[in-house]
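The values are calculated or read from the model by the stated rules, or taken from the named source; none is laboratory data. Quantities reported herein were computed from a predicted structural model and do not represent experimental measurements. Cβ placement follows ideal geometry from the backbone for every residue including glycine, while neighbour counts extend to all protein chains displayed. Accessible surface is based on the protein model in full, side chains and every heavy atom, while ligands, DNA and RNA are left aside. Shrake-Rupley method; radii C 1.70, N 1.55, O 1.52, S 1.80 Å.
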Amino acid sequence: MIGLRGIASALATWAVLTFAFVKLVGTPVDWSVLIALPLAGVLLLLLSSPVAIEPSWGAPPEPPSAAAHLDASTLANRLEDAAGDPGRYRSRVQPRLASLALASLRRRPGLADLADLTDPRAATALGARWHTLLTDPSATLPEPRVLLALLAQLEEQ
């Protein structure tokens, strides 16, 4: 919404620029009016922009909570993107889940030498559902409840 203050500022800028072009540069009045008009329009556009894009000058968050918040919001954004676009799941989420699962498997006795998830021992240890979710190129992100259950299963093992 364009406020009265924004319109007044744009008109004042237009008048000042027109006067400056006429007096300081020697441009004819009609050309000065035409040159100043787009500049005043840009100012009006900038002044009518929503408040949400103004910078926040508040203090930065405390270091311990800042990293956790950043990680959580990044993960939430990636999962939201992956839910709507299977390609994003395969490029952004699946590799991270696979590395998490591989690290979890390597901590188990007898699997420390596991090279990757294509190893048959990994398929056996993870179970068919997890293994398909992590290695199948056509896999998609499961529902949040299913993903939560699978992650809990991985932590318990």
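Summary table below
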item: Residue match in the stretch 100-111 (condition: among the basic types (Lys, Arg), in contact with a helix residue (DSSP H, G or I) (Cβ under 9 Å, 6 or more places away or on another chain) and open to solvent by 80 Å² or more (accessible area, probe 1.4 Å)); result: no
item: Single residue of LEU111, LEU100 found to be part of a helix (DSSP H, G or I) and at negative phi; result: LEU100
item: Residue count for the stretch 6-38, restricted to those that are under 25 Å from SER48 (Cα atoms) and either out of contact with any Leu (no Cβ under 9 Å at 6 or more places or on another chain) or among the hydrophobic types (A, V, I, L, M, F, W, C) (or both); result: 17
item: Count - residues of the stretch 17-65 that are modelled with pLDDT under 75 and in a helix (DSSP H, G or I); result: 6
item: Positions within the stretch 117-156 being open to solvent by 20 Å² or more (accessible area, probe 1.4 Å), closer than 22 Å to GLY87 by Cβ and not in a helix (DSSP H, G or I), in sequence order; result: THR118, ASP136, PRO137, SER138, THR140, LEU141, GLU143
